[in-house]
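Heads up, the thing below is written out as structure tokens.
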Amino acid sequence: MPISLTRSSMILLAVLAMAYGLPAGFNQVFGNEPGSPLLFFSPLQKQFVYQESLGGHLFNYKNEEGEIYDRVAFEDQLPFLYYKNLEKRRKLPFVLDGTSFDEEGIKAAKQGLEIKARNLNRHFPQIRLYPLFNNDPQAAMMPFPEDVFRFTDQAMEFVNADFNRIDEELTSKFTTALKDQGFVFPATVIGGTPTNLKPFDEGYFIRDSSGHVFHVKRINNLPSIIKTGIDPSLAIADIIVAENARREFYGVIFTGQSEAMLISTDNYRLIPLPLEGFDPQAMDFKLLIDPLYKTVTISGGAAVHGVAMTPEYKPLRRYSLTRRDNTPVLVSTAREILFPWRLELDTPYRGQAALRLLPGGLYSFIGIASAMALCFLLSRKRHQTPVKKEEWGVVLLTGLPGLLAVSILRER
């Protein structure tokens, strides 16, 4: 007789639970996930140097040519990043390429921007309510607004957060101002920094249904709307705004064509970054700016890629570094044998559950064969009902989790 519907459902649930729980427990005990290497461009060596994890609190410090450093010597190759070390050792100012650099000059020229793929639009659960800060030139503080805005099909709607009521006056002001500039509702991309922990506020960059991008700010409770000249044919996936005292650019645009472009404060001119093989949906992005160079690193999958650029964002040098996997061979082999399939609910590049079924490697066939042999021995025991063909199929497909499920839920 075939397996009953109730029992087959129980076996399926047991297999799914074990395909998730057993590998997760195994990784907690034996796993050693490789950390992402930290890749930097050294202005002293004119090449990339990096720090990679060996597990625990142990690290390798090397350059492109494989030269090994201790931690102090490594930090000395990055004087703009670790300038505080030089200050403690009374080595500031220092001269590099004929130019003297002191602490004040280094601080004024430095900027960093890091964007995790998991924080991009549609990569995490979002409540599409945004605070629009009221810029008051006479005020030293940036108070958090009492209202938030959202976009409907017809309006930019403000809601008073204290009383959960629509603010008709603000809604009318901003909706009218947007329509006067040619905004086509609804909005498709909204990018801004929803915190007052920033040096100043640049509001939001909002893409409308026709592809045009508008710069929206609130000054003395009045709308300030600028229709930028950004190409409406760009397939913009997200806009990240990053206010910085250098005021060189407003932020960065990621497109569906795997491009990254800075939005210059010079009339919204776009500055394309010379990246190769960049996938913003599955790669983290980091931009580091120092007094002499600009460096972008992108990391995802099995490698980290870096490109060093001139102050005009022209590429100077590229380097790719493969991630180190510190997992012992015995552990990785055992994982493949025990778990032909793994069920995971998370992903490095999304901030929400994403069901994934991951296959094992070649050693999984050994695990399946072993599970089939054990299933055969189990069926030979006295007082046991024969193993049904459907049960054989479960074990053949899933290995150890299937064997455990069939064994635990056997008919006697």
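The values are calculated or read from the model by the stated rules, or taken from the named source; none is laboratory data. If you're wondering where the values come from, they're calculated on a predicted model, not measured in any experiment. Here the Cβ positions follow ideal geometry from the backbone for every residue, glycine too, while neighbour counts run over all protein chains shown.
Does ARG118 fit the bill of being at pLDDT 95 or above, in contact with a Lys or Arg (Cβ under 9 Å, 6 or more places away or on another chain) and of a type outside the set (Asp, Glu)?
The answer is no for ARG118.
Strands (runs of 3 or more DSSP E) wholly in the stretch 305-370 with at least 1 residues that are outside the structural domain of GLY21 (by TED's automatic domain parsing) and at pLDDT 90 or above - which ones? If you could, list the steps in order and put the result at the bottom.
Working: elements: 315-322, 341-344, 356-359.
Here the list reads 315-322.
Residues in the stretch 70-102 that are within 19 Å of ALA308 (Cβ to Cβ), modelled with pLDDT of 90 or more and in a loop (DSSP other than H, G, I, E, B): how many?
6
From the set of residues in the stretch 88-132 that are in contact (Cβ under 8 Å) with a residue 12 or more places away in the chain and within 26 Å of GLU67 (Cα to Cα), which is surrounded by the fewest Cβ atoms within 10 Å (Cβ to Cβ)?
If we take residues in the stretch 88-132 being in contact (Cβ under 8 Å) with a residue 12 or more places away in the chain and within 26 Å of GLU67 (Cα to Cα), then ASP97 is surrounded by the fewest Cβ atoms within 10 Å (Cβ to Cβ).
Identify all residues within the stretch 193-223 that are touching a residue at least 40 places away in the same chain (Cβ under 8 Å), surrounded by fewer than 20 Cβ atoms within 10 Å (Cβ to Cβ), of a type outside the set (A, V, I, L, M, F, W, C) and more than 17 Å from GLY251 (Cα to Cα); write none if there are none.
Within the stretch 193-223, ASN220, ASN221 meet the criteria.
Hey, among the residues in the stretch 380-412 that are surrounded by fewer than 16 Cβ atoms within 10 Å (Cβ to Cβ) and in contact with a Ser or Thr (Cβ under 9 Å, 6 or more places away or on another chain), which one's modelled with the highest pLDDT?
Per the stated criteria, the residue is GLU390.
Which residues, counting only those in the stretch 163-175, are loosely packed, with under 13 Cβ neighbours inside 10 Å and either assigned to a helix (DSSP H, G or I) or touching a residue at least 12 places away in the same chain (Cβ under 8 Å) (or both)?
GLU168, GLU169
Any chance you could count how many residues in the stretch 258-286 are surrounded by 15 or more Cβ atoms within 10 Å (Cβ to Cβ), without any contact (Cβ under 8 Å) to a residue 60 or more places away in the chain and within 13 Å of the chain's Cα centre (by Cα)?
1
Given the options ASP325, ASP290, name the one that is within 24 Å of the chain's Cα centre (by Cα) and surrounded by 16 or more Cβ atoms within 10 Å (Cβ to Cβ). First the steps, then the outcome.
Working: ASP325 fails: surrounded by 16 or more Cβ atoms within 10 Å (Cβ to Cβ).
Criteria check complete, one pass: ASP290.
Right, PHE158: in contact with a strand residue (DSSP E or B) (Cβ under 6 Å, 6 or more places away or on another chain), in contact (Cβ under 8 Å) with a residue 12 or more places away in the chain, of a type in the set (A, V, I, L, M, F, W, C) and not in a loop (DSSP other than H, G, I, E, B) or not?
Working: in contact with a strand residue (DSSP E or B) (Cβ under 6 Å, 6 or more places away or on another chain): yes; in contact (Cβ under 8 Å) with a residue 12 or more places away in the chain: yes; of a type in the set (A, V, I, L, M, F, W, C): yes; not in a loop (DSSP other than H, G, I, E, B): yes.
The answer is yes for PHE158.
Among the candidates LYS179, LYS217, LYS198, which residue alone is in a helix (DSSP H, G or I) and of a type outside the set (Val, Ile, Thr)?
Selected residue: LYS179, the only one of LYS179, LYS217, LYS198 that is in a helix (DSSP H, G or I) and of a type outside the set (Val, Ile, Thr).
If a residue must be crowded, with 16+ Cβ neighbours inside 10 Å and part of a loop (DSSP other than H, G, I, E, B), how many such residues does the stretch 224-239 contain?
3
Inspect the stretch 324-341 for any residue being closer than 26 Å to LEU120 by Cβ, touching a residue at least 24 places away in the same chain (Cβ under 8 Å) and not polar (S, T, N, Q) and give the result as yes or no.
No, that holds for no residue.
For MET309, work out the one condition from (1) surrounded by fewer than 16 Cβ atoms within 10 Å (Cβ to Cβ); (2) of a type in the set (A, V, I, L, M); (3) touching a Pro at 6+ places or on another chain (Cβ under 6 Å) it doesn't fulfil.
Answer for MET309: the failing condition is (1).
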